[in-house]
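The values are calculated or read from the model by the stated rules, or taken from the named source; none is laboratory data. Bear in mind the structure is a predicted one, so any value in this text is a computation, not a measurement. Cβ placement follows ideal geometry from the backbone for every residue including glycine, while neighbour counts extend to all protein chains displayed.
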Amino acid sequence: MIYRKLSLIVLLAGIIQSGFCQSTIESTEKVRKGRPDIPGTFLVDFGFNIPFGEAGNFNTNFWGSRTLNLYYQSDKRIGSSKFSVHPGVGFGLERYKFSDNATLQYKAGPGGAFDSVVFVPAASRFTQASEIKKSMLIMNNFDILLDLRFTVNPNDPNRSFKVSVGLKGGFMYDSFTKIKYRENSETKKLKDKQDWQLNQFRYGATLRIGVGNFNAFAYYSLSPIFQSGEAPKGTELNNFTAGISIAAF
């Protein structure tokens, strides 16, 4: 699966990066208790996307609009304090499921060029489809993140309460719509890879609260989902994501 391949890439890249950074840390630093002496953290976030703003026809289903983040972060304690910084990289995979089985389509402008995006019924894309099972918009991003964390007991992070705030920015390397439908008693899928006037770059603020390797997280995108002035009519949205986070090591 693509998730497994991406997680392996992030893990290998993170180990290489952290190995280089670890050489600059004094050898007298105490080994953290309760977890393997592996530099850095492999982080898995699972959350739900909640668009905020003027939705227009951008109507989503909560359970079907999900985010999966696969990140590697290095750990840098600030002296002997309870604060630490955590730079990282990884992949952010976002899905939006449309509740009314709509989909995106390019519309021709006055000069005949397809220069604007509109919402249309997904059924209009087919001539013999008997049922539209689901319609989604998918965006895959490469992200860079930086967290500032407070840990109650930094010498035993596996059992300690933690709070972190941070910033995240990234660029979209893949986007497409996906329609699952029934035709001639068969279930089929149609993927249409386009940029859909989506914002190619995103940035926003993050919050994590938890104990040990388990956290609740939230992310608010300060950048809109669509490019400024290019969104479907009546649509001006930013995304909010909330969910759970697990540190693999």
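A few comments on the model shown:
- Restricting the stretch 231-249 to residues that are of a type in the set (Ser, Thr, Tyr) and in a strand (DSSP E or B) leaves a set whose member that is farthest from PHE171 (Cα to Cα) is SER245.
- Among the residues of the stretch 184-208, those identified as in a strand (DSSP E or B) and surrounded by 14 or more Cβ atoms within 10 Å (Cβ to Cβ) are LEU190, ASP192, LEU198, ARG202, TYR203, GLY204, THR206, LEU207, ARG208.
- Residue within the stretch 7-29 that is at pLDDT 95 or above, among the aliphatic types (A, V, I, L, M) and buried (at least 17 other Cβ atoms within 10 Å of the Cβ) present: no
- Put simply, of THR103, THR60, THR127 the only residue that is touching a helix residue (DSSP H, G or I) at 6+ places or on another chain (Cβ under 9 Å) and not charged (D, E, K, R) is THR103.
- Residue within the stretch 88-105 that is over 30 Å from ASP192 (Cβ atoms), buried (at least 16 other Cβ atoms within 10 Å of the Cβ) and within 24 Å of the chain's Cα centre (by Cα) present: yes
- Candidate set from the stretch 214-230 (those that are polar (S, T, N, Q) and surrounded by fewer than 18 Cβ atoms within 10 Å (Cβ to Cβ)); member that is nearest to GLY170 (Cα to Cα): SER223
- Selection status of ILE138, touching a Lys or Arg at 6+ places or on another chain (Cβ under 9 Å), aliphatic (A, V, I, L, M), free of Cβ contacts under 8 Å to residues at least 60 places away in the same chain and under 18 Å from LYS189 (Cβ atoms): yes
- The condition (being closer than 29 Å to PHE58 by Cα and touching a residue at least 40 places away in the same chain (Cβ under 8 Å)) is satisfied by just one residue among LEU222, LEU146, LEU207, LEU167: LEU207.
- One residue from GLY212, GLY243 being of a type outside the set (Lys, Arg) and over 22 Å from ARG66 (Cα atoms): GLY212
- Some residue of the stretch 150-165 being on the phi > 0 side of the Ramachandran plot and of a type in the set (Gly, Ala, Ser): no
- One residue alone among ASP143, ASP147, ASP174 is assigned to a strand (DSSP E or B), acidic (Asp, Glu), within 25 Å of THR67 (Cβ to Cβ) and out of contact with any Gly (no Cβ under 8 Å at 6 or more places or on another chain), and that residue is ASP174.
Each row is one residue, and each column tells you yes or no for (1) assigned to a strand (DSSP E or B); (2) touching a residue at least 24 places away in the same chain (Cβ under 8 Å); (3) of a type in the set (A, V, I, L, M, F, W, C).
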{"site": "ASN57", "(1), (2), (3)": "no, yes, no"}
{"site": "LEU70", "(1), (2), (3)": "yes, yes, yes"}
{"site": "SER80", "(1), (2), (3)": "no, no, no"}
{"site": "VAL89", "(1), (2), (3)": "yes, yes, yes"}
{"site": "ASP100", "(1), (2), (3)": "no, yes, no"}
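- Failed item in (1) buried (at least 18 other Cβ atoms within 10 Å of the Cβ); (2) within 30 Å of ARG208 (Cβ to Cβ); (3) modelled with pLDDT under 95, with ASP143 passing the rest: (3)
- For the stretch 221-237, the count of residues that are closer than 18 Å to LEU145 by Cβ, modelled with pLDDT under 95 and over 19 Å from the mean Cα position of the chain (by Cα) is zero.
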